[in-house]
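Just passing along the structure, written as structure tokens.
Every number in this text was worked out from the coordinates using simple rules, so none of it is lab data. Because the structure is predicted, anything quoted here is derived from the model rather than measured. Glycine gets a Cβ as well: all are built from the backbone with ideal geometry, and neighbour counts include every protein chain shown.
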Amino acid sequence: MVGVRLSGLGKRFGDVVAVHPLDLEVGRGELLVLLGPSGCGKSTVLRMIAGIEEPSCGEVHIGGSRVDDVEPAGRDVAMVFQSYALYPHMTVRQNLSFGLRMRRTPSEEIERKVRWASGILGLDTLLDRRPGQLSGGQRQRVALGRAMVREPSVFLFDEPLSNLDARLRAEMRDEIAALHRRLGATMIFVTHDQVEAMSLGQRVAVLEGGTIQQCGTPLEVYREPANLFVATFVGTPPLNTVEGVLGHDGGGVVFLGGGLTLAGADALDAPGSLAPDDDAEADAQARPVVAGIRPEDVTLVGAGAATAHVDADVLRVEALGSELLVHVGGAYGGPWIVRASSDLEVAAGDRVGLELATERVHVFDAVTGRRLGTLGSREA
């Protein structure tokens, strides 16, 4: 059963299109993440679901019922904001129960729900404190609890962890994931942080320019990005890229900068891109592409080694404890980042060889950004 369905939902602010008409379904009990950079329209989508923002077009359905003409209070959703939005003069208990009291819920029911939420979130010893006496993580738990006591059909999270430090963000990600497993509720989580998206979402919808670029499981989005934007936005460190052209020389070849050529391009989804036999015509009709490879799919070997596809200079090395991030550059372009074991002895100024896992080299149309596939693997 669908928990939330958006049909042709869009939003304009005057002449500015914030969200192009989009279709999206969120399954009942699913945790879907809306991921994208600032200004891509993800929070606007969330606010339209909540009823805080009026759509310019389209429909919002929750639990099978159309609700885009229903007031926010009647949509059976609860929203958790980045700013916590707690009442500073109220205790934790009063903040948790405020919405229930406004609905004239019986006092016994309020007490039961407050105890239930505070027990799950570890707030039992904090019920008589005020927000000013709490840490950021504790305040965020109170904001979560206030949503929980309403027992809504849908939880909406608008970048709720952005104000927390790295350690607290990791803790709260675990809290939200555990809460989702325990409640089995439908949740839509907005963030610009790909670590949050990849670790929390059962599916991730990547937005840019008010348009959904791709929607899939975290691994699908990471391993099979639909276009160059998704490929470069998702992943830390980001995808390494280099410009080139798609040629046809006894089997498909991608010709890249600095003499780097990679075979296997005949497997790409590139209709009409293969040039005829005449070299001049082939040059004229060669298709511009961008090749990309993840930092973990590049291996450092000795300069000039038989397995090296190209040599490069080490620009700098980041030591992260269990691994190294080695920044390299060369005639092919760059800089690139290579993920390597911390056992490797390498330093700035060294000359190294780069061995690429060619079956994991993504190729994108340089004009449209569309992914054509990976070298050596036929894709529709």
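What does the extension gain come out to for Gln133 and Glu296, with contour length at 0.36 nm per residue minus their alpha carbon separation?
Gain in length upon complete extension: 54.3 nm.
When you count, for each residue, the other Cβ atoms within 10 Å and take the mean per peptide, how do 208-221, 125-138 rank with the highest first?
Going from most to least packed, we get 208-221, 125-138.
Same structure again: Label-point separation (nm) for Glu243 and Thr368, each offset 7 Å from Cα along Cα-to-Cβ?
Result for the modelled spin labels: 2.0 nm.
Let me ask something else. Can you tell me the relative contact order of the range 1-125? Whole percent, Cα pairs under 8 Å, sequence separation 6 or more.
Relative contact order, the range 1-125: 21 percent.
Here is a further query. Beta carbons within 10 angstrom, averaged per residue: use that to sort the peptides 86-96, 57-67, 289-299, highest first.
Those peptides, ordered most packed to least, come out 289-299, 86-96, 57-67.
Still on this structure: Working from Cα positions, state the angle (0 to 90°, nearest 10) between the long axis of helix 166-183 and the longest principal axis of the chain.
70
So for each of 179-186, 327-334 I average, over its residues, the number of other beta carbons within 10 Å; can you give me the resulting order with the highest mean first?
327-334, 179-186
Starting from 0 in steps of 10 Å, tell me what percent of the Cα-Cα pairs of the chain lands in each bin.
Calculated over all Cα pairs of the chain, the distribution is 5, 20, 24, 21, 16, 10, 4, 1, 0 percent.
If you don't mind, another one. How big is the dipole moment of the chain about its Cα centre under a simple scheme where the beta carbon of each Lys and Arg is +1, that of each Asp and Glu is -1, and everything else is neutral? Debye, nearest 20, please.
Approximately 2520 debye in magnitude.
How far is helix 107-121 tilted, in degrees, relative to the longest principal axis of the Cα atoms in the chain, given as a value from 0 to 90 rounded to the nearest 10?
The two axes meet at around 30 degrees.
What is the distance, in nm, between label points placed 7 Å from the Cα along the Cα-to-Cβ direction at Glu151 and at Val16?
4.2
Please work out the C-alpha center-to-center distance from the range 304-380 to the range 1-59 and express it in whole Å.
37
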